[in-house]
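Remarks on the structure that follows.
The values are calculated or read from the model by the stated rules, or taken from the named source; none is laboratory data. Since the model is a prediction, treat every value here as computed from it, not as a measurement. For neighbour counting, all protein chains shown are included, and Cβ atoms are generated from backbone atoms with ideal geometry for every residue, glycine included. To get the accessible areas, we keep the full protein, side chains included, count just its heavy atoms, and leave off ligands, DNA and RNA. Shrake-Rupley method; radii C 1.70, N 1.55, O 1.52, S 1.80 Å.
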Amino acid sequence: MTPTTASARSVAGLALGLGVLAGSAALARRTRSDTEIEMFRSANTLPNAAFPAVWTAMQYGTFGAVPAAAVVALAARRPRLAGSIALGGTAAWVTAKAAKRVVARGRPASIIDGVQQRGAEEGDHGFPSGHAAVSTVMTVVLWPDVPPSGRVALSALTGLVPFGRMYVGAHLPLDLVGGSALGLALGSVINLVRRHGGSPGRQASSR
């Protein structure tokens, strides 16, 4: 991929992320839809036996995954990548927390009946999902630096995190769309900075 193509993709990712984030936030402030509830229940009502596998995959979207991935990048002597992961993951988590207060959409259990809650959640607001934002931003930042096989794994994890958040009863679908869009926008900005010679954290070493 040429630098021009990569930059164009990042610009497109930024525009798409911001557009979807704004649109999903507007929808999330309205009355819930039957379609969204049905999508949520299709995941939330699956058997409890799936919990260990779902929970394991869902950890990719936790804030703890950010320093862990950054340490791996440092161990691989990729300080700029480590800085990008740390900056992107932290920004996604903090921005999602701030956006929750603005949209002020409740968790599924406060909106609909019969939610199966698997584990406790911090905070009463659901939109946007911090887990979806973190998993997406890390995938976007890592994407240029991993081989095709690694991209398959990243794509799978990025899809499983939102699914897992519905399965455990933590988020409705629009929460996850908004979180993923936020992560896409932030990751695209970071990739643009890296592509044009910037360095999150002002790392002295090159990739």
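Give G23, G64 a once-over and let me know the one that is open to solvent by 40 Å² or more (accessible area, probe 1.4 Å), free of Cβ contacts under 8 Å to residues at least 60 places away in the same chain, out of contact with any Lys or Arg (no Cβ under 8 Å at 6 or more places or on another chain) and closer than 18 Å to A96 by Cα. Break it down stepwise before answering.
Details: G23 fails: open to solvent by 40 Å² or more (accessible area, probe 1.4 Å).
Going through G23, G64 in turn, the sole match is G64.
With L87, L81, L14, L74 as the choices, which residue is more than 24 Å from E122 (Cα to Cα), open to solvent by 80 Å² or more (accessible area, probe 1.4 Å) and either in contact with a Lys or Arg (Cβ under 6 Å, 6 or more places away or on another chain) or not β-branched (V, I, T) (or both)? Spell out how you get there, then give the answer.
Numbers: L87 fails: more than 24 Å from E122 (Cα to Cα); L81 fails: open to solvent by 80 Å² or more (accessible area, probe 1.4 Å); L14 fails: open to solvent by 80 Å² or more (accessible area, probe 1.4 Å).
One residue alone meets the criteria, L74.
Any residue in region 98-123 that is in contact (Cβ under 8 Å) with a residue 60 or more places away in the chain and within 20 Å of G183 (Cβ to Cβ) sitting within a Cβ distance under 8 Å of a residue that is open to solvent by less than 30 Å² (accessible area, probe 1.4 Å) and of a type in the set (D, E, K, R)? List the pairs, counting only those 6 or more apart or interchain.
From region 98-123, the pairs are R105/D175.
Could you look through region 26-50, keep only residues that are hydrophobic (A, V, I, L, M, F, W, C), open to solvent by less than 70 Å² (accessible area, probe 1.4 Å) and assigned to a helix (DSSP H, G or I), and pick out the one that is nearest to G159 (Cα to Cα)?
A43
Within region 101-110, does at least one residue satisfy the condition of being assigned to a helix (DSSP H, G or I) and surrounded by 22 or more Cβ atoms within 10 Å (Cβ to Cβ)? Even if it seems obvious, please write down each step before you answer.
Going through region 101-110, the residues assigned to a helix (DSSP H, G or I) turn out to be 101-103, 108-110.
Checking which are surrounded by 22 or more Cβ atoms within 10 Å (Cβ to Cβ) leaves us with 108.
For region 101-110, residues assigned to a helix (DSSP H, G or I) and surrounded by 22 or more Cβ atoms within 10 Å (Cβ to Cβ): present.
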